[in-house]
Amino acid sequence: MSGFTVAIDGPAAAGKGTVSKAVAAHFGFAHLDTGLLYRAVGAKVLAGMEAAQAARALVPDDLLGDGLRGPDVAQAASKVAVIPEVRAALLDFQRSFAARAAGAVLDGRDIGTVICPDAAVKLFVTASAEVRARRRWAELSGRGMAETYGQVLADVRERDARDMERAAAPLCAAPDAVVIDTSELSIAQAASRELEAVQRAR
Ligand code: CDP
């Protein structure tokens with residue numbers, strides 16, 4: 001039996017992870033950060049593996065650890081994410097996760113458009129590139145990474161362009177998604193908008 005699925009998409013560093021976790025915790029749903037799948041494949045490619053092969057060989061342990069959070073891996077992730085064979089290899093895992101009877105929240109770029117087009121709720125979380133870069137920069141500095149704000153902004157813009165312009169599952173809001181612009185919102189305000197949207201669909 002398929003459960004209640006919440007699809008959360010949006011551009012780089014829009015805060016999807018934080019609000020997805022809040023929604024999952026509130027409703028007792030499982031949460032999958034699908035960006036981690038692409039990051040794990042990107043990390044394997046940086047280590048010398050072929051991308052499609054790396055995607056097919058992925059195991060849950062590959063998603064653990066802080067090593068996937070850095071900007072080099074993010075760039076590598078967005079490069080492997082344009083390859084249709086990589087996306088195809090990751091499809092079944094995401095769909096099975098989404099079908100959990102207890103309910104699931106998946107966040108990424110193509111959840112509402114490709115992975116779960118029948119999701120009960122679709123949210124598209126966004127913010128200006130500058131706001132997103134400022135948040136990501138604060139997060140990376142907090143973990144001791146040396147990137148400047150300018151470097152983080154350039155990374156965010158480059159990945160956004162690659163994610164939106166690719167032919168396979170480009171980043172875009174599903175026509176039936178609720179769009180939430182968090183540029184002027186705190187994390188708590190963004191999370192409460194999302195909780196309301198999910199609540200309305202329950
Ligand atoms: O955390 P952040 O928003 O910076 O990125 P992420 O969600 O971890 O995703 C890293 C990269 O994986 C993105 O730039 C996309 O290219 C790719 N991705 C994707 O193509 N499809 C998804 N469902 C999730 C991520």
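The values are calculated or read from the model by the stated rules, or taken from the named source; none is laboratory data. Predicted model, so just to flag it, every value in this text is computed and none were measured. Here the Cβ positions follow ideal geometry from the backbone for every residue, glycine too, while neighbour counts run over all protein chains shown. Just so you know, the surface numbers come from the protein's heavy atoms only, side chains and all, with ligands and any DNA or RNA stripped out. Shrake-Rupley method; radii C 1.70, N 1.55, O 1.52, S 1.80 Å.
Quick look at the numbers
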| quantity | calculated |
| --- | --- |
| Other-chain or far-sequence residues with amide H under 5 Å of Ser128's (modelled H) | Ser183 |
| Per residue, in Å², the accessible surface of the stretch 125-202 once ligands and nucleic acids are set aside, probe 1.4 Å | 56 |
| Residue-wise HN-Hα coupling along the stretch 38-53, computed from phi with Karplus coefficients 6.51, -1.76, 1.60 (Hz; x: Gly, Pro) | 5, 5, 5, 5, x, 5, 5, 5, 4, 8, x, 8, 7, 4, 5, 5 |
| Cubic angstrom per residue, convex hull over Cα atoms of the stretch 18-141 | 121 |
| Under 5 Å, built H, 5+ apart or other chain: amide partners of Leu123 | Ala7, Ile8, Asp9, Val178 |
| Whole-angstrom gap from the stretch 16-84 to the stretch 92-157, using each part's C-alpha centre | 10 |
| Global geometry of the stretch 60-202, whether rounded, prolate or oblate, following the gyration tensor of its Cα atoms and the 1.5 cut on a/c | oblate |
| Under the Karplus curve 6.51 cos²θ - 1.76 cosθ + 1.60, θ = phi - 60°, whole-Hz ³J(HN,Hα) for the stretch 22-31, x wherever Gly or Pro sits | 5, 5, 4, 5, 4, 9, x, 8, 7, 10 |
| Out-of-range pairs (alpha-carbon distance over 18 Å; input Lys21/Lys122; Lys44/Lys79; Lys16/Lys44) | Lys16/Lys44 |
| Interchain or long-range residues, amide H under 5 Å from Leu32's placed H | Val105, Leu106, Asp107 |
| Ala167-Ala138 FRET efficiency (beta carbon distance; Förster radius 41 Å; 0.05 resolution) | 0.75 |
| Farthest positive-ward along the chain dipole, Cα basis, beta-carbon charges - from Ala52, Leu64, Val86 | Leu64 |
| Length-normalised contact order of the chain in % [C-alpha pairs under 8 Å, at least 6 apart] | 34 |
| Size of electric dipole in the stretch 72-202: Cβ of Lys, Arg +1 and of Asp, Glu -1, about Cα centre, debye, nearest 20 | 200 |
| Furthest towards positive pole of dipole, Ala188, Ala133, Gly103, structure part the stretch 82-202, Cβ charges | Gly103 |
| Accessible carbon and sulfur surface of the chain relative to its total accessible area, %, 1.4 Å | 56 |
| Debye-sum result for the stretch 1-89 in log10 I(q)/I(0), which assumes one identical scatterer on each alpha carbon, at q = 0.11, 0.13, 0.23 Å⁻¹ | -0.34, -0.47, -1.17 |
| Directionally averaged projected area (convex hull, Cα atoms, the stretch 139-202), nm² | 6.5 |
